[in-house]
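Below is one structure, written out as structure tokens; the observations come after it.
The values are calculated or read from the model by the stated rules, or taken from the named source; none is laboratory data. What you are looking at is a predicted structure, and each value in this text was computed from that prediction instead of being measured. Quick reminder, even Gly has a Cβ in these numbers, built from the backbone with ideal geometry, and neighbours come from all protein chains shown. Ligands, DNA and RNA are stripped out before the accessible areas are found, and what is left, the full protein with its side chains, is counted by its heavy atoms. Shrake-Rupley method; radii C 1.70, N 1.55, O 1.52, S 1.80 Å.
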Amino acid sequence: MRLTAFSDIALRVLLLMGGLPQGTMLSTQRIAEGVGAPYHHVAKTVARLRGMGLLCSQRGRAGGVALTAEGCGVSVGRVLRELEADTAIVECEADEAACPLNHGCRLRRALNSAREAFYRELDGVTVTDLVNPRQVGPIAVQLGLRPPAGGTAPGEGAAGVTPVTRTGGGPDSTAH
């Protein structure tokens, strides 16, 4: 099963934010830089994740986006199930007229069962389970933050961090 680009970006945003010290606020622009995706795509993704209660935002100079407690513990299966809900696996799901074999088709049911098995497998995996400080550490440094505990900055070993509560003030710090 192939995920949509939207879901891919959403998972990257959750992993990045989950790997930063709790309460860290980043502007949407900084998140886009951190996950390597276009700003407008990330802004739409952040808005959707906020709507799901996984991110919170604060407007203004000291504002930004942060991961909520629910966002830390959310299952990857739940995230994908919600974000991929309208995505057809095969063309005939989206347009029944696309296939002359549509009447009595068993393939769609089998594929839907396989998709649900995929989600069920990921229901036991949370964002926190997937966060790897060694993966997020270099990105944190690139964004001007201290790496998370267990993460490494270039030329540094794994060391504890002092939590950073916000970064990226200015006009880009508002959540869109």
Subset of the range 60-77 that is out of contact with any helix residue (DSSP H, G or I) (no Cβ under 8 Å at 6 or more places or on another chain) and farther than 18 Å from L122 by Cβ - its residue that is least open to solvent (accessible area, probe 1.4 Å): T68
The condition from (1) open to solvent by 40 Å² or more (accessible area, probe 1.4 Å); (2) at pLDDT 80 or above; (3) outside any loop (DSSP other than H, G, I, E, B) that E93 misses is numbered (2)
Would you mind stating whether R146 is assigned to a loop (DSSP other than H, G, I, E, B), on the phi < 0 side of the Ramachandran plot, at pLDDT 70 or above and open to solvent by 80 Å² or more (accessible area, probe 1.4 Å)? yes
Pairs, please: C-beta under 9 Å, at least 6 apart or cross-chain, first residue within 10 Å of L49 (Cβ to Cβ) and in the range 71-83, second small (G, A, S) and modelled with pLDDT of 95 or more? G71/G53; V74/G53; V79/S7; V79/A10; L83/S7; L83/A10
Checking A110 against (1) under 25 Å from V13 (Cβ atoms); (2) small (G, A, S); (3) open to solvent by 40 Å² or more (accessible area, probe 1.4 Å), which single condition isn't satisfied? (1)
Can you find a residue that is open to solvent by 50 Å² or more (accessible area, probe 1.4 Å) and at pLDDT below 70 anywhere in the range 126-136? no
Of the candidates A114, A62, the one satisfying the condition of being touching a residue at least 24 places away in the same chain (Cβ under 8 Å), more than 21 Å from the chain's Cα centre (by Cα) and part of a helix (DSSP H, G or I) is A114
If you go through the range 1-54 one residue at a time, how many are open to solvent by 20 Å² or more (accessible area, probe 1.4 Å) and either under 26 Å from I89 (Cα atoms) or not in a loop (DSSP other than H, G, I, E, B) (or both)? 23
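Quick grid of which residues meet (1) modelled with pLDDT of 95 or more; (2) farther than 19 Å from Q135 by Cβ:
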site: R2; (1), (2): no, yes
site: L14; (1), (2): yes, no
site: Q22; (1), (2): no, no
site: P38; (1), (2): yes, yes
site: V46; (1), (2): yes, yes
site: L49; (1), (2): yes, yes
site: A62; (1), (2): no, yes
site: V65; (1), (2): yes, yes
